Amino acid sequence: MNPEARGGHLILIGFMGTGKTSVGIELAGLTGRELVDIDNEIVRRQGRSITSIFKIFGEDYFRELESDIITNMESLSAEPAVISTGGGVVLREKNRRELRRQGVVVLLTATPEEILKRTRGGERPLLDHPRPKERIKELLAQREELYRSTCHLEVDTGGKKQRKIAEEICSQLEQF
Ligand code: S3P
């Protein structure tokens, strides 16, 4: 791993249901780093679920909370950590710049079919829609370029166990 990567955070980005949280847990175990989950941190600070934050205060308010954490990450972890983000973190230019500055950004990808399977029944206000697959495709199309321009590395998660994905990330980091 190069010195810059060793000094910074390992940051997982990607659409909902690409496994950022569960791969983050594996990655934290493999690297001996602490795991910081941005969504969990928002829920902890607000004392409400993501769904109720969206419902009561709206998406813009949620995005402010998200940006606030991304731009003040030192207060969460002084040591290089594994950071698992929410799928919409790339929507703001300020966040994209900040994430790249703070470490190595790894993009997790999956097909709309896999995303649908993995997110079904979960707490995702943006996918609470009569045609969730169409909604996933629409959001993916809007965000694809943002994910790609933010990441340093990319790993396809299709049909792979979390442990295998985490190992793949570690091996890509060796060559980074
Ligand atoms: C969102 C993704 C969610 C959560 C919120 C908004 C998004 O996180 O931050 O519901 O805009 O894609 P996950 O990607 O962990 O589901």
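Values quoted throughout were computed directly from the atomic coordinates according to the rules given, and no laboratory measurement underlies them. Remember, predicted model here, so these are calculated numbers, not experimental data. No Cβ is skipped: glycine too gets one built from the backbone with ideal geometry, and neighbour counts run over all protein chains shown.
Computed from backbone phi with θ = phi - 60° and the Karplus coefficients 6.51, -1.76 and 1.60, the 3J(HN,Hα) list for the range 39-55 is 4, 4, 5, 4, 4, 4, 5, 8, x, 9, 6, 4, 4, 6, 4, 4, 5 Hz; x is used for glycine and proline. Net length available on complete extension from Glu34 to Ser67 is 9.8 nm, with 0.36 nm assigned per residue and the Cα-Cα distance removed.
Counting neighbouring beta carbons within 10 Å and listing from fewest to most, the residues Ser22, Ser171, Ser75 come out as Ser75, Ser171, Ser22. Panel order for Thr31, Thr71, by other beta carbons found within 10 Å of each beta carbon, from fewest to most: Thr71, Thr31.
Distant-in-sequence amide contacts of His9, defined by a placed amide H-H separation under 5 Å and a gap of 5 or more residues or a different chain, comprise Ala81, Gly103, Val104. How far apart, in nm, are the 7 Å Cα→Cβ label points at Thr111 and Asp156? The two pseudo-label positions are separated by 1.0 nm. Projected label points at Gln46 and Arg120, each 7 Å from Cα along the beta carbon direction, are separated by 2.7 nanometres. Using the Karplus relation 6.51 cos²θ - 1.76 cosθ + 1.60 with θ = phi - 60°, the per-residue 3J(HN,Hα) values for the range 75-84 come to 6, 8, 8, 6, 8, x, 10, 8, 10, 9 Hz, with x marking Gly and Pro. The C-alpha radius of gyration of the chain, expressed as a fraction of 2.2 N^0.38 Å, stands at 0.98. Sorting the segments 46-54, 148-156 by their mean number of nearby beta carbons within 10 angstrom, highest to lowest, gives 148-156, 46-54. Label-to-label distance, Ile56 versus Lys164, with points set 7 angstrom from Cα along the beta-carbon direction: 4.2 nm. Taking a 28 Å limit on the Cα-Cα distance, which of the listed pairs Lys94/Lys117; Lys55/Lys137; Lys137/Lys161; Lys133/Lys160; Lys20/Lys137; Lys94/Lys164 fall beyond it? Check vs 28 Å cut-off fails for Lys94/Lys117; Lys94/Lys164.
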